[in-house]
Amino acid sequence: MTSIPKTKSKTRHYKLQSWLDVLAITAWGILILKYWLTNKLNLLIHPDYFWLAIAGAIGLLIVGGFKTLQLLQQRREVTPSVQHLSFFPPGWGSAILLTAAILGLTITPQVFASQTALARGVTDLVGATRAQPQAFRASIRPEERTLVDWVRTLNVYPEPDAYSGQKVKVQGFVIHPPDLGKEYLFLARFVITCCAADAYPAGLPVKLKETRDQYPPDTWLEIEGQMMTENLANKRQLTIDATSLKKIPQPKNPYSY
């Protein structure tokens, strides 16, 4: 007589765990599609992998829908016959996944900022990005190069004097490195090769006509000027001699590829 209540308890627990699995699977499918439809997916992964993420999200929704139909059509109580080994009680994995998906649906992904760039050593990446040499486009006009194009150019031809006097027009966010004087700021962008986990900062120092106090960290600027060579932190570095600085909104896609 005592085995019947235990069986019912196990059955209820099994059904609850099954519904928790369905909710976790469905929530993650919805989350990925939401990021795609709201143009937030580009803050997390490289656009080349959008199709994979979208296909995965659709697959999760299909699996979730199919499993839902199975549970709704179930006419008899089912007791799991296989005991799974786990460090956590059954259902915890799905509960953690569901919680993460709910947080993702309520919290907007944030763009990496200057503190992250400083922590990852942005000033050490001038002229030494992880870009492959074939990404370098030698035929592009200097004034049409993006900030990352300039850094990639230095990666291939690292002599800063070779670019002295060339016109430049670039966009990026402001960093105030502690080892640069007040008449300099650092303009940077994050580069994504696969996903946000491998994003790294790249940029160039900018020489100002005034102090950098009116350009707080994380301010987005469009800077025009010409290239020059400066001795910064005991190194000869290609530097933008700014003639025009204009504050701009953060771009819809703040990362480079």
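The values are calculated or read from the model by the stated rules, or taken from the named source; none is laboratory data. From a predicted model like this one, the values you see are computed outputs, not experimental measurements. Quick reminder, even Gly has a Cβ in these numbers, built from the backbone with ideal geometry, and neighbours come from all protein chains shown.
Find all pairs meeting these conditions: Cβ atoms under 8 angstrom apart; at least six residues apart or on different chains; first residue within the stretch 174-186 and farther than 14 Å from Lys235 by Cβ; second residue aromatic (Phe, Trp, Tyr).
The qualifying pairs are Val174/Phe186; Val174/Tyr215; Val174/Trp220; Ile175/Phe186; His176/Phe186; Leu185/Tyr215.
Would you pick out the residues in the stretch 177-206 that are under 21 Å from Gln115 (Cα atoms), touching an Asp or Glu at 6+ places or on another chain (Cβ under 9 Å) and not in a strand (DSSP E or B)?
If the condition is that a residue be under 21 Å from Gln115 (Cα atoms), touching an Asp or Glu at 6+ places or on another chain (Cβ under 9 Å) and not in a strand (DSSP E or B), then Lys182, Glu183, Ile192 are the ones that fit.
Conditions (1) more than 17 Å from Pro178 (Cα to Cα); (2) aliphatic (A, V, I, L, M), marked per residue:
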residue	(1), (2)
Glu222	yes, no
Met227	yes, yes
Ala233	no, yes
Arg236	yes, no
Pro249	yes, no
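Quick one: is Asp149 at pLDDT below 75 and part of a helix (DSSP H, G or I)?
The answer is no for Asp149.
Report yes if some residue within the stretch 17-28 is at pLDDT 90 or above and either surrounded by fewer than 15 Cβ atoms within 10 Å (Cβ to Cβ) or under 19 Å from the mean Cα position of the chain (by Cα) (or both); otherwise report no.
Yes: one or more hits.
Can you tell me which residues in the stretch 232-247 are surrounded by 11 or more Cβ atoms within 10 Å (Cβ to Cβ) and not in a strand (DSSP E or B)? Show your work before the answer.
The initial filter retains those residues of the stretch 232-247 that are surrounded by 11 or more Cβ atoms within 10 Å (Cβ to Cβ), namely 232-233, 235-243, 245, 247.
Answer for the stretch 232-247, where residues must be surrounded by 11 or more Cβ atoms within 10 Å (Cβ to Cβ) and not in a strand (DSSP E or B): just Ala233.
Looking at (1) over 16 Å from the mean Cα position of the chain (by Cα); (2) free of Cβ contacts under 8 Å to residues at least 40 places away in the same chain, which one does Lys169 not meet, given that it meets all the others?
(2)
Look through Ala138, Ala128 and report the one residue that is at pLDDT below 75, out of contact with any strand residue (DSSP E or B) (no Cβ under 8 Å at 6 or more places or on another chain), loosely packed, with under 11 Cβ neighbours inside 10 Å and not in a helix (DSSP H, G or I).
Ala138
Filter the stretch 209-257 down to the residues that are among the hydroxyl-bearing types (Ser, Thr, Tyr) and over 21 Å from Thr116 (Cβ atoms), then identify the one that is modelled with the lowest pLDDT.
First, pick out the residues of the stretch 209-257 that are among the hydroxyl-bearing types (Ser, Thr, Tyr): 211, 215, 219, 229, 239, 243-244, 255-257.
Checking the rest, the ones that are also over 21 Å from Thr116 (Cβ atoms) come to 211, 229, 239, 243-244.
Numbers: Thr211: 84, Thr229: 93, Thr239: 94, Thr243: 94, Ser244: 93.
Across the stretch 209-257, the extreme among qualifying residues is Thr211.
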